[in-house]
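Worksheet for the structure shown next.
Every number in this text was worked out from the coordinates using simple rules, so none of it is lab data. Quick caveat: nothing in here was measured; it's all calculated off a predicted structure. Here the Cβ positions follow ideal geometry from the backbone for every residue, glycine too, while neighbour counts run over all protein chains shown.
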Amino acid sequence: MEIRSVGVVGAGQMGNGIAHVLALAGYDVLLNDISAEALSSALALIERNLDRQVSRDKISQADRDAALAHIRTTTTLTDLGQCDLIIEAATERETVKQAIFEDLLPHLQPHTILTSNTSSISITRLASRTDRPEKFMGFHFMNPVPVMQLVELIRGIATDEPTYRTLLGVVERLGKTPASAEDFPAFIVNRILMPMINEAVYTLYEGVGSVQSIDRSLKLGANHPMGPLELADFIGLDTCLAIMNVLHDGLADTKYRPCPLLVKYVEAGWLGRKTQRGFYDYRGETPVPTR
């Protein structure tokens, strides 16, 4: 089927980026959030990011104007029921995601495809709580969405071939590269990335190296563009912990046990950049290691 309109649930870090790339590709986007303030902030951020792309000659002024014209917002979740495709990009908690899909179900068109941008939760389990598991998939964008080229496509056990092919077409229209993953905890990227970040936190916890020496070692010794602790702050330490818990619970292997220091930072509310403190303190002009 042809996708013309896309509903995006959640106007946070991921949702606004997803809305940005969809609108730029010519889709009609309806962006939803429970907070009108969050929607206003998301639109302002999308506008700034589009302006940056114009200034760098990535897109034209006409492209920028057309993209903004393609985006509408709503605080009423059920308004999304008329869309051809829905991408849920709410917080990484399964109960929240299930509640969103349950609220949407009575208002959907028969052909509407449901997807989740989850980075770790079982697609099969989420799909089983809906009336259309064959039209449900994992649609995992990378952060920051306008920059990162990869989209993970995750089929649940019931996902049918037309749904997969349709979403493959959406990824290609966005100018991004798809990677197909099986529905096992954390899929491909986070199955590999999060244990590396968790191990970096253990390295800090055990006193093997400081925040600065760990990040410097991976940047200069492994040619990573960002150190693992800096990256954890960028992702959000609560998200990192949530994914490690999914891996630990889902695979029952002690190698996925979240580091106690990661748990402690999340308990303190030091979640990284979004709260101004994590493994670095971002309240000054330059980030300062907190350990």
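What is the calculated FRET efficiency for D57 to N223, with r their C-beta to C-beta distance and R₀ = 25 Å, to the nearest 0.05? Computed FRET efficiency for D57 and N223 comes out at 0.35.
Computed over the chain with a Gaussian network model linking Cα atoms closer than 10 Å, the most mobile of I214, I113, I18 is I214. Distances between placed amide hydrogens fall under 5 Å for A179 paired with V151, E152, L153, all partners being 5 or more residues away or on another chain.
How high is the FRET efficiency from Q109 to R216, r the C-beta distance, R0 51 Å, rounded to 0.05?
Working: r = 52 Å, r/R0 = 1.03.
My answer for the efficiency is 0.45.
Distant-in-sequence amide contacts of E92, defined by a placed amide H-H separation under 5 Å and a gap of 5 or more residues or a different chain, comprise nothing. With θ taken as phi - 60° and the Karplus curve 6.51 cos²θ - 1.76 cosθ + 1.60 applied, the whole-hertz 3J(HN,Hα) list for segment 87-93 is 10, 7, 10, 7, 4, 7, 10 Hz, x standing for glycine and proline. For the chain, adding -39500 (n - 2.57) for each run of n ≥ 4 DSSP H residues and dividing by the number of residues yields -14000 deg cm²/dmol at 222 nm. Between R52, R64, R132, the Gaussian network model of the chain with springs among Cα atoms under 10 angstrom shows the greatest mean-square fluctuation at R52.
Can you give the relative contact order of the chain as a percent, counting alpha carbon pairs under 8 Å and 6+ residues apart? Can you show the working numbers first?
Numbers: 515 pairs, mean separation 38.1, N = 291.
Answer for the chain is 13 percent.
With 26 Å as the limit, the listed pairs K219/K274; K176/K264; K97/K219; K97/K135; K135/K176; K58/K97 have K176/K264; K97/K219; K58/K97 beyond it between alpha carbons. Neighbour counts of other Cβ atoms within 10 Å put T239, T290 in the fewest-to-most order T290, T239. Mean-square fluctuations from a GNM of the chain, with a 10 angstrom spring cutoff on Cα atoms, peak among L220, L241, L229 at L220.
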